[in-house]
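Undergrad: Dropping the structure in here first, questions after.
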Amino acid sequence: GPRVALLLVYIKSILLHPLKSILRTSMFSLALAIAAAGDRSLWSLADRTAVVTGGSKGLGRAIVEELLDHGCTVLTCARDVSPLADLLSREAGGRCIAIEADVSTASGRALLVSEVEARFGARGLDVLVNNVGTNLRKASVDYTDDEYEMLHATNQASAFHLSRGCHSALKRARGCVVSVSSVSGSSNDATGAVYHMTKAALEHMTRYLACEWGPDGIRVNAVAPWFIRTPLTAPLLAQEPFHDAVRRATPLRRVGEPCEVASTVAFLAMRAAGYITGQVVGIDGGMMQEGFRYVG
Ligand SMILES: NC(=O)c1ccc[n+]([C@@H]2O[C@H](COP(=O)([O-])OP(=O)(O)OC[C@H]3O[C@@H](n4cnc5c(N)ncnc54)[C@H](OP(=O)(O)O)[C@@H]3O)[C@@H](O)[C@H]2O)c1
């Protein structure tokens, strides 16, 4: 009778509802996959706008060059931009802009943010790379208040205040932030407590802002390199017993190269990484996976 008919309708709706939604989801994924297959623009940064802090040397310089190679217009800064003279003359078309700004100070950051607004204006900012950072290798009891403040201002406050200063420009472009942390953000390599504290803060800022700014379409990620050959690490790597210890702690048995960090930053900035946010990507030759090893 009618009750059996009702029951049948009910069973059918239970059975079909999840089926329909599964079907809808897989059709949607299929459509996305078809649209994405062969879409080279996923892997391009052509005509994007980027800011890279500390682009005159080391990792920052490699990131600037990588983003330029992928077609970005890059605004960078350092306290002394003279080492960038060769790059600026090569990029005579104006795709590379360098200003002198100390991002550990409010005035330096304000200068950079006003330059972002002036240069990228209504277009907005696609990529902000918080790269600036430094270290003072010493025991915790030997830190002065000023040294603590300098590391905090350079490594941590710079990234937070610049990110919030660029928020509206990032929102206009539905852009992304990539901060340069370190393996020190989540492990102990005995190179100074304050460096480790600031990098841990940078990583948590990454997770927090990813959630806060996700609804604005802004992705927020970080990279965590181990030893990379730059002017910052050159004096340490020049000491062969130290360099050897670094190699032994690294499954790939070598230090990293700046281009290996730059390529990961570029990937995170691309639409190819469009669903990645709140992540800290290790670039460490496997060092963070290495446990105890007895070499008899
Ligand atoms: N190299 C590594 O093995 C390694 C490993 C893990 C993480 N990292 C991280 O990677 C980032 C870059 O390191 P790096 O080795 O490339 O360092 P680097 O060789 O010392 O280069 C630092 C760059 O930042 C600029 N800079 C420093 N302080 C600044 C400030 N207050 N305002 C504006 N610019 C400033 C420097 O130019 P000026 O001096 O002219 O300002 C330079 O262009 C840092 O955050 C570091 O902690 C490096």
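Undergrad: Can you tell me the 0 to 90 degree angle between the C-alpha axis of helix 193-213 and the longest principal axis of the chain, rounded to 10?
TA: 30 degrees
Undergrad: Angle check, please: helix 58-69 long axis (alpha carbons) against the longest principal axis of the chain (alpha carbons), in degrees 0 to 90, nearest 10.
TA: It works out to around 50 degrees.
Undergrad: Using alpha carbons only, how many angstrom separate the centre of the range 94-157 from the centre of the range 191-224?
TA: Here the two parts' Cα centres lie 15 Å apart.
Undergrad: OK, next. Does the range 159-259 come out rounded, prolate or oblate by the C-alpha gyration tensor, with a ≥ b ≥ c the root eigenvalues, rounded set by a/c under 1.5 and, if not, prolate when a/b is larger than b/c and oblate if not?
TA: Details: a/c = 2.78, a/b = 2.36, b/c = 1.18.
Note, shape of the range 159-259 comes out prolate.
Undergrad: Can I ask one more? Quote the relative contact order of the chain in percent (integer), defining contacts as alpha-carbon pairs under 8 Å separated by 6+ residues.
TA: Numbers: 491 pairs, mean separation 51.9, N = 296.
Relative contact order, the chain: 18 percent.
Undergrad: Still on this structure, I have one more. Using only Cα atoms, find the angle between the long axis of helix 258-269 and the longest principal axis of the chain, and express it within 0 to 90 degrees, rounded to the nearest 10.
TA: Approximately 30 degrees, to the nearest 10.
Undergrad: Which value results for Rg/Rh of the range 32-107 when Rg is the Cα radius of gyration and Rh the Kirkwood radius based on the inverse mean 1/r? Mind showing how you got there, number by number?
TA: On the way: Rg = 14.9 Å, Rh = 13.4 Å.
Using only Cα positions, Rg/Rh for the range 32-107 is 1.11.
Undergrad: I would also like to ask the following. For the chain, what is the convex hull volume of the alpha-carbon atoms per residue, in Å³?
TA: Output value, Cα hull per residue: 210 Å³.
Only the coordinates and a few stated rules stand behind these numbers; no lab work does. Predicted model, so just to flag it, every value in this text is computed and none were measured.
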